[in-house]
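The values are calculated or read from the model by the stated rules, or taken from the named source; none is laboratory data. Because the structure is a prediction, the values reported are computed rather than measured. Ideal geometry is used to build each Cβ from the backbone, glycine not excepted, and the neighbour counts take in all protein chains shown.
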Amino acid sequence: MTAIRIDGLSKRYDGAAAVTDLTLAIAANQFVTLLGPSGCGKTTTLRLIAGYLRPDAGSIDVGGRVLSSPQSVVPPEHRGMGMVFQNYAVWPHKTVYENVVFGLKLRRMPRQEARQRVERMLALVNLAGLGDRYPASLSGGQQQRVALARSLVVEPDILLLDEPLSNLDAKLRERMRSELKALQRRTGITFVYVTHDQAEAMALSDQIAVMHRGRLMQFGTPREIYGRPANRTVADFMGLINLLPARIAAAAGGSAVVEAGPLRLRLALPSGVTDGARVVLGVRPEAVALAMAGAADAVEGCVEEQVYLGNLSEYRIALADGTRLRVQAPAEADFRIGATVAIAVDAASCNLFTDEGTEETP
Amino acid sequence: MAGAILALVILILLPVLTLLWSSFAGSAGLTLGHFARAFSHRLYLEALLNSLILGSWTALISVLIGVPLAWAVSRTDLPAKGFVRLTATLSYLSPPFLLAIAYVNLFGPNAGIINDFMRNVLDAPALTFNIFSMAGLVVVTVPHTYPFVYLLVASALRSVDAGYEESAEILGAGRIRTALFVTMPLVAPAILSGALIAFVNAIALFGSQAIVGMPARIFTLPTRIYALFDYPPQYGIASALSLVFVAITVGALTLQRAYLARRSYITLAGKGVNAAPMRLGALRWVVLGFVVVVFVAAVLLPYGALLAVSLSKSWGLAFWRNLTFANYHFVLFDYDPTRRAIVNSLILAAAAATLAALLGAVVGWIDLRTETPGRRFLDYVALVPLGLPGIVMAVALIEFWLRMPVPLYGTLAILLLAYWARYLPLGVRAANAALRQVDPSLEESARCLGAGWGRTLTEITLPLIRPGLFAGWLLIFVPAIQELSASILLFSSNSITLAVAVYNLYETGALEAVAALAIINMVIIGAAILLANRIGGGGAAERAGVSG
């Protein structure tokens, strides 16, 4: 199987940078997601990998062979990749069978063998028996599976997927998500998946590349990305987080006390940060525990708002200095609006960001 | 791709450049002499002035007819809306030069049957109308041009939110007041845009201006340019006059684009939700009466007259006493050019439609699907013929091919080039619209599976844009079969076309035979439309049926 090496890749459209100096090494057999808000350059990256676009700088290398560079681009038809589009791109004038068999016909596979391969693939994506139907008579989810089958039947080394689930309704999305993951495990094909949905990325990926304004922010496992975001942008994009202005006090031996309003936390000190430095403290809502007020030294806050979400309750807590904290707590504890509560923050799951938002906390 | 570029260069770029060159070329180098003459000599100034007068009157009356019809169809509970649409369609499809011939039979100063009736039966010479006049020219031109206003305004009205009108009514404005002071201003850009299109189309028509204008010594730009080709041809002044003609056309079309662009803010403002249509009450009969008058004047009267003339031995008040098919026999079997003209026109129209649709598809594809440098320029060149009236296109082709070593002048080939170039913009537009319907990802996924661009084009793109291309083909075929403005300068006895045959026969004064040929002409056009609709419509419907 094949690894993808992207080195110093840049692409501009009419002067506007879409991707800037992107370097990324994707290992074989991995499910890798390019994640970011719209306009972050993830789709451009995918189209560069597919060979639809020519890079302005840098190179893309697959299995030790340079496929894209500013000098030459191997055209899409000679890359042996598959691609699944957001709008499925299933050909409306061909039946399901004709759609799927297209790539095999191009490879001059004997008719009988091709038929068997297509039937097997249709069964794999739960479309057995629908070969004679036209796409217009299929549901969105079924069309998406036709697109998948069409890409997979030619056994590509790499499958590129551009927001393939975003046009499906929530229930179907959930189901296709687990089908996709299972399919990737079973086939061992390297999946490069583009999405703006962080939950989808977390659920599917072995590795996530978070992109922002054309640049790579962080590349790592879902656990690393969520638990140890490289900067404020990543932290903010990956789920909810409280970002509190804070100050370093009493730095000593690699750790320091961090003061954010009335909160005092002992955290490991990022390199290059000295006593008195202004930083930003990132606190996930689930890293805050609430208890009835009473203990003498506990920080206290006032419940301003409570929203019951079924599996948990979400609170907005106002601290003494006016800082507001978003907190998620188990649903059974029930603190009323106006109640005073004691607050305990799990320092181990907190992160420090310098104000520029680029420094990583160890 | 190289073929497409070569085709554009030969079809359009070189002829237009030759036209430009020869308008400045004198016996001793470059000169402004031709333009100086065009703007100082009475003959040419008159032609220019007459064209502007004709265009302005036609545009104004087209608005007065097209706007009420559009309003009635899209905003009111007028009964028989299908009849309004039919009237507009038939008016548009009927060839203007046939209409002119029909009106000559009705309102010719001496032989016109209605004038005869007024003078000799009613004894009311004051009620006669001389068709050989500027007013007559406007009358025979308007039926061809008001449908442009009607179509543009009707589509604009459909996108105006009924809320605008309802809020005027709830404030106490009556129906007419609402229509005049709320609805009409909202679609003013569409009205102006339609008026300019009517203007451009009106001044470009050679046939009606020759048939109705020349006997009255009313020369316009097309007829004056035509006269300049009488022996000895005056190429320099003809080219200069052609360029003036192009300048007027392009100027009007540029204005029109600007107005049309402004229409968008209306469609953005409203959601296009239409409440119940306005109730006309007793007014509906007035509106309906108006539609009937238009139908009678533009369709029933002229074609009824042509039919009657074609069946009569000698046209006049007592024509019904001696009905005969002799005229049909004459034009079909005795008049030599007829059958050749029919065959030529069918071949030319089919070939031009096919070539223009194909070249249009290639140009559209290069523009929308490739990164070829200069692809925008290619697109512009393909649209240049929009600014060239038919006769100007003919002048450009003649001057270019006379300079070439290939003897093309007088052959069917030069006519084919003229038609191909003239109707190329229609082909480009059809292909553009069709290609925009096809998401690029449909082609990209074929590439990704290993299909090269040729395979992608034949297996994916062409099948998907086929219905759109066919619609474009039809859009070209129908006007091409009745083309006169360019053919009149380019034909020879071997390459005569249907419209030219009608025109030449008319010149000989055989009114009854001309009418018969005109009716045959109409039958061919009608049959072509029906047949094409059957083939195209059937195929398209079948496809839509299978794929949803």
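Looking at B:Phe129, B:Phe117, B:Phe83, can you tell me which residue is farther than 26 Å from B:Gly251 by Cβ and part of a loop (DSSP other than H, G, I, E, B)? Write out each step before concluding.
On the way: B:Phe117 fails: part of a loop (DSSP other than H, G, I, E, B); B:Phe83 fails: part of a loop (DSSP other than H, G, I, E, B).
Only one candidate passes the filter, namely B:Phe129.
Quick one: in region A:44-76, of everything that is β-branched (Val, Ile, Thr) and more than 25 Å from A:Phe102 (Cα to Cα), which residue is farthest from the other protein chains (Cβ to nearest Cβ)?
Within region A:44-76, the first condition is being β-branched (Val, Ile, Thr), and the residues that meet it are A:44-45, A:49, A:60, A:62, A:66, A:73-74.
The next check asks that each one be more than 25 Å from A:Phe102 (Cα to Cα); those that pass are A:44-45, A:60, A:66.
On the way: A:Thr44: 14, A:Thr45: 15, A:Ile60: 15, A:Val66: 19 Å.
Restricting to residues being β-branched (Val, Ile, Thr) and more than 25 Å from A:Phe102 (Cα to Cα), the top hit is A:Val66.
Here are the criteria: (1) on the phi < 0 side of the Ramachandran plot; (2) without any contact (Cβ under 8 Å) to a residue 24 or more places away in the chain; (3) within 14 Å of another protein chain (Cβ to nearest Cβ). Tell me which single one B:Gly450 does not satisfy.
(1)
State yes or no: is B:Tyr92 under 25 Å from B:Ala499 (Cβ atoms), in contact (Cβ under 8 Å) with a residue 12 or more places away in the chain and either among the aromatic types (Phe, Trp, Tyr) or part of a helix (DSSP H, G or I) (or both)? Don't jump to the end; show me each part of the working.
Values: under 25 Å from B:Ala499 (Cβ atoms): yes; in contact (Cβ under 8 Å) with a residue 12 or more places away in the chain: yes; either among the aromatic types (Phe, Trp, Tyr) or part of a helix (DSSP H, G or I) (or both): yes.
Spelling it out, B:Tyr92 is indeed under 25 Å from B:Ala499 (Cβ atoms), in contact (Cβ under 8 Å) with a residue 12 or more places away in the chain and either among the aromatic types (Phe, Trp, Tyr) or part of a helix (DSSP H, G or I) (or both).
Looking at A:Leu35, A:Leu24, can you tell me which residue is out of contact with any Leu (no Cβ under 7 Å at 6 or more places or on another chain), among the aliphatic types (A, V, I, L, M) and surrounded by 19 or more Cβ atoms within 10 Å (Cβ to Cβ)? Can you show your working first?
Values: A:Leu24 fails: out of contact with any Leu (no Cβ under 7 Å at 6 or more places or on another chain).
On inspection, the qualifying residue turns out to be A:Leu35.
I'd like to know if region A:221-244 contains one or more residues that are without any contact (Cβ under 8 Å) to a residue 24 or more places away in the chain and of a type in the set (Lys, Arg).
yes
Mind checking whether some residue in region A:134-157 is over 23 Å from B:Leu462 (Cβ atoms) and of a type in the set (Lys, Arg)?
There is at least one residue in region A:134-157 that is over 23 Å from B:Leu462 (Cβ atoms) and of a type in the set (Lys, Arg).
Quickly run through region A:312-326 and pick out the residues that are among the aliphatic types (A, V, I, L, M), surrounded by 13 or more Cβ atoms within 10 Å (Cβ to Cβ) and within 9 Å of A:Gly301 (Cβ to Cβ). Step through it out loud before you land on a result.
Step one: list which residues in region A:312-326 are among the aliphatic types (A, V, I, L, M), which gives A:312, A:317-320, A:325.
Keeping just the survivors that are surrounded by 13 or more Cβ atoms within 10 Å (Cβ to Cβ) gives A:312, A:317-319, A:325.
Within region A:312-326, A:Ile317, A:Ala318, A:Leu319, A:Leu325 meet the criteria.
Based on what the data block shows, is A:Arg107 among the charged types (D, E, K, R), touching a residue at least 24 places away in the same chain (Cβ under 8 Å), more than 8 Å from chain B (Cβ to nearest Cβ) and more than 17 Å from A:Leu180 (Cβ to Cβ)? Give the steps one after another, and end with the answer.
Values: among the charged types (D, E, K, R): yes; touching a residue at least 24 places away in the same chain (Cβ under 8 Å): yes; more than 8 Å from chain B (Cβ to nearest Cβ): no; more than 17 Å from A:Leu180 (Cβ to Cβ): yes.
In short, no.
Within region A:258-274, work out how many residues are surrounded by 13 or more Cβ atoms within 10 Å (Cβ to Cβ), over 21 Å from A:Arg326 (Cα atoms) and out of contact with any Pro (no Cβ under 8 Å at 6 or more places or on another chain).
Counting residues in region A:258-274 that are surrounded by 13 or more Cβ atoms within 10 Å (Cβ to Cβ), over 21 Å from A:Arg326 (Cα atoms) and out of contact with any Pro (no Cβ under 8 Å at 6 or more places or on another chain) gives 2.
For every residue, the table says whether it meets (1) within 14 Å of chain A (Cβ to nearest Cβ); (2) modelled with pLDDT of 90 or more.
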{"position": "B:Gly390", "(1), (2)": "no, no"}
{"position": "B:Trp401", "(1), (2)": "no, no"}
{"position": "B:Ala418", "(1), (2)": "no, yes"}
{"position": "B:Ala431", "(1), (2)": "no, no"}
{"position": "B:Val438", "(1), (2)": "yes, no"}
{"position": "B:Gly454", "(1), (2)": "yes, no"}
{"position": "B:Leu457", "(1), (2)": "yes, no"}
{"position": "B:Gln482", "(1), (2)": "no, no"}
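Among the listed residues A:Leu216, A:Leu240, identify the single one that is away from every other protein chain (no Cβ under 14 Å), in contact with a Pro (Cβ under 7 Å, 6 or more places away or on another chain) and of a type outside the set (Phe, Trp, Tyr).
Details: A:Leu216 fails: in contact with a Pro (Cβ under 7 Å, 6 or more places away or on another chain).
Unique residue meeting the criteria: A:Leu240.
Among (1) within 29 Å of the chain's Cα centre (by Cα); (2) under 20 Å from B:Gly452 (Cα atoms); (3) surrounded by fewer than 19 Cβ atoms within 10 Å (Cβ to Cβ), which single condition is A:Arg108 missing?
Just one mismatch for A:Arg108, condition (1).
Kindly list the number of the only condition in (1) buried (at least 20 other Cβ atoms within 10 Å of the Cβ); (2) away from chain B (no Cβ under 14 Å) that fails for A:Asp162.
The single condition A:Asp162 does not satisfy is (2).
Exactly one condition in (1) out of contact with any strand residue (DSSP E or B) (no Cβ under 9 Å at 6 or more places or on another chain); (2) touching a residue at least 24 places away in the same chain (Cβ under 8 Å); (3) among the polar types (S, T, N, Q) is not met by B:Thr76; state its number.
(1)
For region A:135-148, indicate whether the set of residues that are under 30 Å from A:Asp61 (Cβ atoms), in contact (Cβ under 8 Å) with a residue 12 or more places away in the chain and either more than 8 Å from chain B (Cβ to nearest Cβ) or buried (at least 22 other Cβ atoms within 10 Å of the Cβ) (or both) is non-empty.
Quick first cut of region A:135-148, residues under 30 Å from A:Asp61 (Cβ atoms) only: A:147-148.
Next, from what is left, pick out any that are in contact (Cβ under 8 Å) with a residue 12 or more places away in the chain: A:147-148.
This time we only want the ones that are either more than 8 Å from chain B (Cβ to nearest Cβ) or buried (at least 22 other Cβ atoms within 10 Å of the Cβ) (or both), so: A:147-148.
The answer is yes, given that some residue of region A:135-148 is under 30 Å from A:Asp61 (Cβ atoms), in contact (Cβ under 8 Å) with a residue 12 or more places away in the chain and either more than 8 Å from chain B (Cβ to nearest Cβ) or buried (at least 22 other Cβ atoms within 10 Å of the Cβ) (or both).
Looking at region A:54-73, which of the residues that are assigned to a loop (DSSP other than H, G, I, E, B) and modelled with pLDDT of 90 or more is surrounded by the most Cβ atoms within 10 Å (Cβ to Cβ)? Give the steps one after another, and end with the answer.
Let us first name the residues in region A:54-73 that are assigned to a loop (DSSP other than H, G, I, E, B), namely A:54-56, A:63-64, A:69-72.
Narrowing further to those that are modelled with pLDDT of 90 or more: A:54-56, A:69-72.
Values: A:Arg54: 14, A:Pro55: 23, A:Asp56: 15, A:Ser69: 17, A:Pro70: 13, A:Gln71: 9, A:Ser72: 9.
Here the answer is A:Pro55.
Name the single residue, out of those in region B:396-428 being of a type in the set (Gly, Ala, Ser) and part of a helix (DSSP H, G or I), that is nearest to B:Asn494 (Cα to Cα).
From region B:396-428, those of a type in the set (Gly, Ala, Ser) are B:396, B:410, B:413, B:418, B:421, B:427; that's our starting set.
In the following step, the residues that additionally are part of a helix (DSSP H, G or I) were identified as B:396, B:413, B:418, B:421, B:427.
Details: B:Ala396: 21, B:Ala413: 11, B:Ala418: 16, B:Ala421: 21, B:Gly427: 28 Å.
Per the stated criteria, the residue is B:Ala413.
Mind checking which residues of region A:1-49 are assigned to a loop (DSSP other than H, G, I, E, B) and within 18 Å of A:Ser69 (Cβ to Cβ)? Steps first, please.
Restricting attention to region A:1-49, the residues satisfying the condition of being assigned to a loop (DSSP other than H, G, I, E, B) are A:1-3, A:14-15, A:27-30, A:36-41.
Correct list: A:Thr2, A:Ala3.
Cβ-Cβ distance below 7 Å, separation of 6 or more or different chains: which pairs start in region A:77-91 with a residue that is within 7 Å of chain B (Cβ to nearest Cβ) and crowded, with 24+ Cβ neighbours inside 10 Å and end on one that is of a type outside the set (D, E, K, R) and assigned to a loop (DSSP other than H, G, I, E, B)?
A:Met81/A:Pro156; A:Gly82/A:Val154; A:Gly82/A:Pro156
Among all residue pairs at least 6 apart or on different chains, which show Cβ distances below 8 Å where the first residue, located in region B:2-27, is more than 17 Å from B:Gly364 (Cβ to Cβ) and the second is in a strand (DSSP E or B) and at pLDDT 85 or above?
none
Any residue at all in region B:32-45 that is among the polar types (S, T, N, Q) and part of a helix (DSSP H, G or I)? Give the steps one after another, and end with the answer.
From region B:32-45, those among the polar types (S, T, N, Q) are B:40; that's our starting set.
Imposing the further condition that a residue be part of a helix (DSSP H, G or I) reduces the set to none.
No: region B:32-45 contains no residue that is among the polar types (S, T, N, Q) and part of a helix (DSSP H, G or I).
Examine region B:100-109 for a residue that is of a type in the set (Gly, Ala, Ser), over 19 Å from the mean Cα position of the chain (by Cα) and modelled with pLDDT of 85 or more, and state whether such a residue exists. Break it down stepwise before answering.
In the first step, residues of region B:100-109 are kept if they are of a type in the set (Gly, Ala, Ser); the result is B:100, B:102, B:108.
Among the residues that remain, those that are also over 19 Å from the mean Cα position of the chain (by Cα) are: B:108.
Then drop every residue that is not modelled with pLDDT of 85 or more, which leaves B:108.
There is at least one residue in region B:100-109 that is of a type in the set (Gly, Ala, Ser), over 19 Å from the mean Cα position of the chain (by Cα) and modelled with pLDDT of 85 or more.
Among the residues of region A:95-119, count how many are in a loop (DSSP other than H, G, I, E, B) and either among the polar types (S, T, N, Q) or in contact with a Pro (Cβ under 9 Å, 6 or more places away or on another chain) (or both). Even if it seems obvious, please write down each step before you answer.
In the first step, residues of region A:95-119 are kept if they are in a loop (DSSP other than H, G, I, E, B); the result is A:95, A:107-110.
Next, from what is left, pick out any that are either among the polar types (S, T, N, Q) or in contact with a Pro (Cβ under 9 Å, 6 or more places away or on another chain) (or both): A:95.
Of the residues in region A:95-119, 1 are in a loop (DSSP other than H, G, I, E, B) and either among the polar types (S, T, N, Q) or in contact with a Pro (Cβ under 9 Å, 6 or more places away or on another chain) (or both).
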